[in-house]
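*Asks:* What follows is a structure written as structure tokens; I'll ask about it next.
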Amino acid sequence: MTRALLFPAPAAALLAATLLAAGPALAQAPAAPVPPVSVPPVPVPLSPVPEPLRGPWFQGECAAPAAALQVTARAVVRLPADGPARLVRFAEARQAEGWTVGTGRGAEAPRFMLRGTATALETAEPDAKLRDDRLPGDTPLRAWHRCPAAPLGLAGLHGEGISFLAALEGLEAACSSGATPEACAAGIIRQGDVSGDGKLSVAEIARMVRGATWLLAAAEDAPPETVLATGGGGILAGVAVARLTMESLDYDGDGKLSAAELAQDRAGFGGATGTEAGRPLRLEGLQEGVALLRGVLDGLLLER
């Protein structure tokens, strides 16, 4: 008798964050109608990184760079060959004297500055105490250049994570406030569908979980060896979470998740209005029945 692999709670949380909590559209129900009130418009300070500056940048020889920098529309991640990663996702960004100045979340509100062209980039990471009107001040500048391709080892270590970082921005856009459940579910499929069949397979869900695991490691300033170890653990956890998700949401049993299955019971919220016939069950009895069913299922899963 062997025990099936059980995934830890953090892995389940990763999947939930990836598939269902990318935004409020899938995870939250619409609020009850309230009388309209006069609310002044909230300005949107985010100015995305100019498109010519996005993509991969390198320091040193292209065959063995000392560091890599990935720039997306709303984030940067610096990946030294022998030091901790640094990820800054911009809560706000602005243009100032030729610089794009992005500010991250958190108590320290880290800032990351970029300027350049499509082939040459300069960055600065000013101290938190430096005033905005004095940027970049004496902050050291880093120079970056393009390479024809990333080295194989670098691509193998960080490729899925960087892809997920860009996909996460797409998820946030598709599932932003005001989005419908259908649009959010379609956005999840669009970002995770590698094969192009319009559905998510176990492997595609596992890929998203591995990318989310990498993202969390980079956000914690993890060194390369920790990122590598996290990636290895993410392979097993990703498959376990993906299989459980498939079994939980694959209603038609075809082995893949469609946008309709992801949006099930979330689209058309409130449309189920009940039936006049019948009498209410005791909730205590219903709870006992659920507990009994859960015990049977746990036994089937664990006692193999």
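Bear in mind that the values in this text are calculations on the coordinates, not laboratory data. A quick note: this is a predicted structure, and the numbers were derived from the prediction, not measured. Every residue, glycine as well, gets a Cβ built from its backbone with ideal geometry; the counts of neighbours run over all protein chains shown.
*Asks:* With a 10 Å Cβ neighbour count serving as the proxy for reagent exposure, in which order, fewest first, do 193, 265 appear? Before the final figure, lay out the partial values.
*Replies:* Numbers: 193 17, 265 9.
Going from least to most buried by this count: 265, 193.
*Asks:* Evaluate the distance, in nm, between pseudo-label points positioned 7 Å from the Cα of residue 203 and of residue 119 along their respective Cα→Cβ axes.
*Replies:* It is 3.9 nm.
*Asks:* Considering amide H positions built from the backbone, and no H for Pro or chain starts, which residues 5 or more places from residue 200, or on another chain, come under 5 Å of its amide H?
*Replies:* Those lying under 5 Å, H to H, from residue 200 are 257, 258.
*Asks:* Determine, for each peptide in 128-138, 90-100, the mean count of other beta carbons within 10 angstrom over its residues, then list the peptides with the highest first.
*Replies:* My ranking of the peptides, most packed first, is 90-100, 128-138.
*Asks:* Between segment 201-225 and segment 106-174, how many Å separate their Cα centres?
*Replies:* Spelled out, the Cα-based centre of one part sits 18 Å from the other.
*Asks:* Something else now. If you put +1 on each Lys and Arg Cβ and -1 on each Asp and Glu Cβ, how big is the dipole of segment 51-145 around its Cα centre, in Debye rounded to 20? Don't jump to the answer; show the numbers that get you there.
*Replies:* Details: 13 positive and 12 negative charges, 57 e Å.
Using Cβ point charges on Lys, Arg, Asp and Glu, segment 51-145 gives about 280 debye.
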